[in-house]
Amino acid sequence: MTTTRPRVAIAGMSIESSTFSPHRSGWEAFTLRRGAELVAHYPFLADGAPLRDAADWTGVLHARSLPGGAVPAEVYESVRDEIVATLRAQQDEHGPYDGLLLDIHGAMTVVGRDDAEADLAAAVRAAVGPGTLISTTMDLHGNVPRELAQVSDLITCYRMAPHEDAWETRERAAANLLARLESGGAPKKAWLQVPVLLPGEKTSTRIEPAASIYADVARAADLPGVVDAALWVGYAWADEPSCRAAVVVTGDDEEVIVREAEQLARRYWDARDDFAFVAPAAPYEECVATALASEARPYFLSDSGDNPTAGGAGDVTWTLARLLAEPAFARPVEEGGRTAIYASLPDAEAARAVAAAWAAHGPRTSVDVEAGARVDDGPHGPVRLRGVVEHVSEGDPDAGIVAVVRVGGLRVILTERRKPYHLERDFTAIGLDPRGTDVVVVKIGYLEPELYDMAADWMLMLTPGGVDQDLLRLGHHRLTVPTHPFHAFDTEPKLRAELL
């Protein structure tokens with residue numbers, strides 16, 4: 001059957017990878033979607049939606065993982081090669097694609113390779129040829145080397161951190177692609193990198209200066225002659241030359257897009273010393289003391305150094321070891337102790353052992369297991385959990401086995417696999433009441449929206465791990481010199497945009 005609608009493919013690979021974590025993100029970390037399942041994954045491509053009916057969409061392959069460690073070369077190359085082979089085969093059968101939506105994160109590290117997304121984009125471009133428009137959608141915590149920007153006809157990223165506009169951004173990338181296919185073709189791009197590399201917890205759009213800067217991004221995108229404007233913070237926990245902030249303004253008016261790109265870059269550079277943590281931030285001792293002294297309940301604490309949603313291994317035990325030794329939590333509540341939840345600690349062997357004890361002896365059985373630090377034992381070794389099992393469930397799509405072990409007033413969520421705890425139902429589904437708990441410790445950076453709304457107060461704990469907020473103690477040595485705050489600047493950077 002013939003059609004006049006454009007043919008658009010969807011493909012990509014999405015992960016952010018800390019090079020400071022010993023974790024490796026193998027096949028077990030990735031969810032693979034192909035064909036109709038991939039198309040249906042995008043809410044704006046639901047049956048009957050305007051964008052769904054505006055094109056013939058083909059799902060090629062998309063691989064998505066929770067952030068983690070670097071991706072083994074063979075995993076990345078297998079995904080890349082399948083995408084390329086499928087695109088070639090489909091075009092041999094049906095003719096060239098008009099467009100391609102490339103859905104990536106921008107902070108993927110592949111073992112032995114720099115700028116993996118640029119390599120992926122180049123391979124996709126070689127497969128579809130110069131006549132196919134490629135629209136790339138990214139996380140703002142990604143890196144944009146020149147090669148990636150050049151291969152992409154259109155390129156954009158989120159404008160909110162936390163990423164409440166993730167699907168809106170993907171929809172914008174798809175809508176821009178279809179609009180340019182209808183009229184205009186490939187626009188021009190003004191690209192430049194800004195020699196600044198900061199963690200996401202210092203660049204949240206909830207607060208200044210990022211709030212105003214990203215409002216300016218939206219303003220620039222709406223100007224006549226501009227198709228889109230985007231500002232990337234970069235990914236702070238990888239050690240690659242392209243890790244730094246970047247700006248791309250896309251459109252048909254060369255003078256306008258260059259001017260706006262340079263103005264956005266200058267605003268970001270000028271504000272480099274004004275960025276601050278999104279919440280009060282302090283070492284462990286100060287955070288716990290503040291939480292215990294406060295009357296605000298629940299009081300949330302972010303165990304930020306091992307945040308799995310930023311690339312941490314997830315099984316660092318440094319903070320948990322201290323919580324287990326904390327007198328306020330060591331005593332049961334009936335003896336004057338305080339309550340706390342720790343979310344979470346992945347350890348497959350320990351989780352299975354607790355589940356076996358539960359199955360053999362029933363609820364509230366006592367256990368004594370060592371857990372954690374199987375992947376990242378740098379900051380601290382395994383901890384000993386001697387307590388009572390209050391919950392065990394199996395089949396969590398992310399975590400597998402989930403167990404709750406109570407040690408005094410502290411409830412430790414022990415999981416078979418890594419899982420971030422971002423939603424209230426993540427806790428209530430396993431019998432926990434975070435709203436009725438004194439202190440809730442989550443492995444996260446800035447609080448995700450539901451936790452943020454739930455918290456009566458919160459602090460960011462500056463703890464060690466693969467995504468340590470103290471960037472200078474991580475040991476970057478491959479960044480482009482100079483990059484703020486790692487290097488001194490002899491002169492002001494020129495911040496001149498390049499037309500691509």
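The values are calculated or read from the model by the stated rules, or taken from the named source; none is laboratory data. These figures come from a predicted structure and were not determined experimentally. For neighbour counting, all protein chains shown are included, and Cβ atoms are generated from backbone atoms with ideal geometry for every residue, glycine included. For the accessible areas, the whole protein counts, side chains as well, though only heavy atoms, and no ligand, DNA or RNA atoms are used. Shrake-Rupley method; radii C 1.70, N 1.55, O 1.52, S 1.80 Å.
Structural remarks
- Hits among lysines - C-alpha to C-alpha of Lys443 under 29 Å, sequence gap 8 or more where chains match: Lys202, Lys419
- Restricted to Cα atoms, the range 273-315 shows a radius of gyration and a Dmax of 12.5, 33 angstrom.
- 0 to 90° range, to nearest 10: angle between helix 348-361 axis and the chain longest Cα axis: 50 degrees
- In the chain, the longest principal axis of the Cα atoms and the axis of helix 73-94 are about 40 degrees apart.
- Shown for the range 12-102: the carbon plus sulfur share of the solvent-accessible area, taken with all protein chains present and a 1.4 angstrom probe, equals 48%.
- The chain: angle of helix 284-293 to the longest principal axis, Cα-based, in degrees nearest 10: 70 degrees
- Gyration tensor verdict on the range 59-194 (Cα atoms; rounded if a/c is under 1.5, prolate if a/b is larger than b/c, oblate otherwise): oblate
- Sparse-neighbour loop sites [GluC sites (Glu not before Pro); the range 143-178; at most 10 other C-beta within 10 Å; DSSP]: none
- For the listed peptides 492-500, 106-114, 338-346, a ranking on the average number of other beta carbons within 10 Å per residue, highest first, reads 338-346, 106-114, 492-500.
- Coordinate range along principal axes, alpha carbons of the range 189-312, Å, largest first: 57, 32, 23
- Candidate residues His41, His141, His94: accessible-area rank, largest first, probe 1.4 Å: His94, His41, His141
- Summing +1 for each Lys or Arg and -1 for each Asp or Glu among the other residues whose beta-carbon sits under 10 angstrom from that of Glu390 gives +3.
- Computed with a 1.4 Å probe over protein heavy atoms only, the accessible area of His487 comes to about 60 Å².
- Centroid-to-centroid separation of the range 436-500 and the range 201-274 [C-alpha atoms, Å]: 17 Å
- Using alpha carbons only: equivalent-ellipsoid semi-axes of the range 354-423, gyration tensor based, whole Å: 19, 16, 11
- Förster radius 45 Å - calculated FRET efficiency between Ser183 and Asp457, Cβ distance, rounded to 0.05: 0.30
- Residue separation of Ala89 and Ala175 scaled by 0.36 nm, minus their Cα-Cα distance, works out to 28.4 nm of gained length.
- Computed over the range 126-176, the P(r) curve from all C-alpha pair distances, binned at 5 Å from the origin, holds 4, 21, 26, 22, 17, 7, 3, 0 percent per bin.
- Rh (Kirkwood; distinct C-alpha pairs) - the range 375-500, Å: 18.3 Å
- Protein heavy-atom accessible surface, 1.4 Å probe, per residue over the range 137-243: 29 Å².
- Antiparallel content of DSSP bridges confined to the chain, in %, to 5: 45 percent
- log10 of Debye I(q)/I(0), alpha-carbon scatterers only, for the range 37-92 at 0.20, 0.27 Å⁻¹: -0.87, -1.05
- For the chain, the calculated P(r), taken from all Cα-Cα distances in 10 Å bins from zero up to the bin holding the longest distance, is 4, 19, 28, 24, 16, 7, 2, 0 percent.
- Taking every Cα-Cα distance in the range 261-420 and sorting them into 10 Å bins from zero, the calculated P(r) comes out as 10, 34, 31, 14, 7, 3, 0 percent.
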